[in-house]
1. Enumerate the amide H contacts of PHE335 below 5 Å, restricted to partners 5 or more residues apart or on another chain; note that Pro and chain-start residues carry no placed amide H.
2. Taking the Cβ-Cβ separation of ASP96 and LYS134 as r and a Förster radius of 25 Å, what is the calculated FRET efficiency to the nearest 0.05?
3. Could you tell me which of the pairs LYS183/LYS232; LYS151/LYS344; LYS231/LYS292; LYS151/LYS334; LYS10/LYS151 are separated by over 28 angstrom between their Cα atoms in the structure shown?
4. Taking the Cα centre of the chain as origin, sum charge times position over the Cβ atoms of Lys and Arg (+1) and Asp and Glu (-1), and report the length of that vector in debye to the nearest 20.
5. Which length gain, in nm to one decimal place, applies between ALA163 and THR249 when the Cα-Cα distance is subtracted from 0.36 nm times their residue separation?
6. Along the Cα→Cβ direction, 7 angstrom out, place labels at LEU141 and MET227. What is the inter-label distance in nm?
7. State the label only: which of (1) 25.5; (2) 21.6; (3) 20.0 corresponds to Kirkwood radius over Cα pairs in Å computed from the shown model?
8. Which entries in the list LYS49/LYS99; LYS99/LYS137; LYS9/LYS49 go over 20 Å, if you measure between the two C-alpha atoms of each?
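All of the numbers you see were taken from the coordinates with simple rules; none came from a lab. If you're wondering where the values come from, they're calculated on a predicted model, not measured in any experiment. Ideal geometry is used to build each Cβ from the backbone, glycine not excepted, and the neighbour counts take in all protein chains shown.
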Amino acid sequence: MIDQNIDGKKILIVDDLEANRLILEEIIDEMGASPILAENGLQALELVKEHKPQLILSDISMPEMDGYELCRILKRDVETQHIPIVFISAFDDAKDIVKGFRLGGEDYITKPFIPEVVKARVGVQLRLYEAQDKLLKNNRLLQISVSEQVKQMELEKKNVLYALTNVSLQNSDEKEEYLRRLKNNCRTMAQAMQLSLLFEARISDTYIDAIELAAPIRDIGNIGVPMEILKKREDLTEDEMTLMKRHTTIGAELLSDLYVNSSDNEFISIAIDIIRFHHEHWDGSGYPEGLKGEEIPLAARIVAIMERYTKLTEGGACSREEALECMQKEAGSKFDPDIFTICKKISRQFR
């Protein structure tokens, strides 16, 4: 009686002796499976690609490529590593059997072949393969489903961020066009730094994307600052300035709460660094923590210098040359002088 779980399954038989191939072919036929014959390991590799068998019965001692090497190659390839391999050999030494298992073989059948033993072991391996295959497919479907849900959740969180940014914009004088220029300039700056020996090891493509996304939300903490302070035209009092400076920590805490347990850790960490530290100065005179030099996260240093350039040139208030001349006086005090050097070289690319 043919097992419905085995019927039609493809089994590759690899043996350099024709007599062995024919005996195994007859046994596999009786089981209702589909035998595929190969004379050596090299031919077997080609047939595996063509037919994608569910099981391989392989002799060990063969010319050109023995069964161990065939197994080693197949188990190293992600496309074929899950295909069960059963070794067939006249050798029944324990060392030979152990070696086969260490290479990833699933079972071992000795010659001469006993049809009932071959059928039993082939049947077990095919059922195990089918169960594993279903598990892998279910896992892939689950991963796709979870991945899509995570992407949707991250998109929704970012939409919330930009919505909050728009609320904070209503309480300030910044315009959407300014934010577009800022994020584009930050991206351009980071890309140029990626080509610099000083910074290339620290700036990946993902890092650049994160800076571009995070730059427009650098002042998101303004939603926690009283409107009368944000709208005030006169100089702020000491108490008002203290309240104003709190927007850096408010924004960082807001992002940390919104993205708790997030999978997008690089974006979160870069965004938080930018929000909390973009008002720090190279000489330690900034806020909220008075960090100086390399203590200031790189992303925050990039946004700080681009924020200054973008504001100086907003609406044509300053030409490119005038803005750079003004910033030259602040390099080494407010800004990282090495970043400013690159800034000057590529300033014609800024918007």
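1. So PHE335 has HN proximity to TRP282.
2. So, using R0 = 25 Å, E works out to roughly 0.20.
3. LYS151/LYS344; LYS231/LYS292; LYS151/LYS334; LYS10/LYS151, as the Cα separations exceed 28 Å there.
4. Value, rounded to 20: 1060 debye.
5. On the way: separation 86, 0.36 × 86 = 30.96 nm, distance 1.90 nm.
Length difference between fully extended and current span is 29.1 nm.
6. Computed distance between label sites LEU141 and MET227 equals 5.3 nm.
7. Correct label is (1).
8. Numbers: LYS49/LYS99 25 Å; LYS99/LYS137 30 Å; LYS9/LYS49 16 Å.
Distance filter (> 20 Å) returns LYS49/LYS99; LYS99/LYS137.
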